[in-house]
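Read through the structure below, which is laid out as structure tokens, and then see the notes.
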Amino acid sequence: MSKYHPKDEKRIVRLRRLMLAEQSMVLVIEGCKSVINRADISSHERANFSVSVATLYASPFTEGRQLGGLDEKYEAFADTSLKQTHEATLVYRHCFAAHRDLSNLEVKVHAGDKSAHFYTPIFTIKDKGEITRHVPFMSFENSQFQRIQDLAEFQLKRIKAKADKLAGELIQSSQLKMPGEYILGQTYP
């Protein structure tokens, strides 16, 4: 049996979910800035950042064990550009970065200013019989990293506002007044 009132138990889970989402958005923003501000980034580094940014952005929207995803309101946007970037980033994460689903070989994902097919293995046989292999991998262009950064900044504001409100409610309900560091769900509230 939990030591918390059921209402507080739900708040603790929601606050934990929001705090992890907040961390993800901060990392996405910093990752995007790192790529955008570098002229010397290699194609492999760009691919790594693309996978990392998409995976971190999408993680709060997937059903985590015992944690669940963010509320649907975080997938609603008045701005169509933010909505399109959100959806494209989730498709990239689900179809390319996370699962490499062979049924998605023909899926096209908007990647900045271009769309392309990916995961189609290419073999090249050279004059002397040397064989090279290559599998194209989609990486975001700087314009897409900028859109994802803008989206993460928008999400961060919404998430932070709700997390601040929820933390305040938990503090009020627990009568916690002592300064200090607390572990959510263990020593706090």
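Quick note: the coordinates plus some simple rules give every number you see, no bench work behind them. For clarity, every value in this text was computed on a predicted model and none was experimentally measured.
Before moving on, here are some points about what is shown:
- Placed amide H near Phe140: partners under 5 Å, 5+ positions off or other chain: Ser50
- Links that overshoot a 23 Å alpha carbon limit, given the list Lys83/Lys157; Lys33/Lys162; Lys33/Lys83; Lys83/Lys160: Lys33/Lys162
- For the range 22-97: rounded, prolate or oblate by the Cα gyration tensor [a/c cutoff 1.5]: prolate
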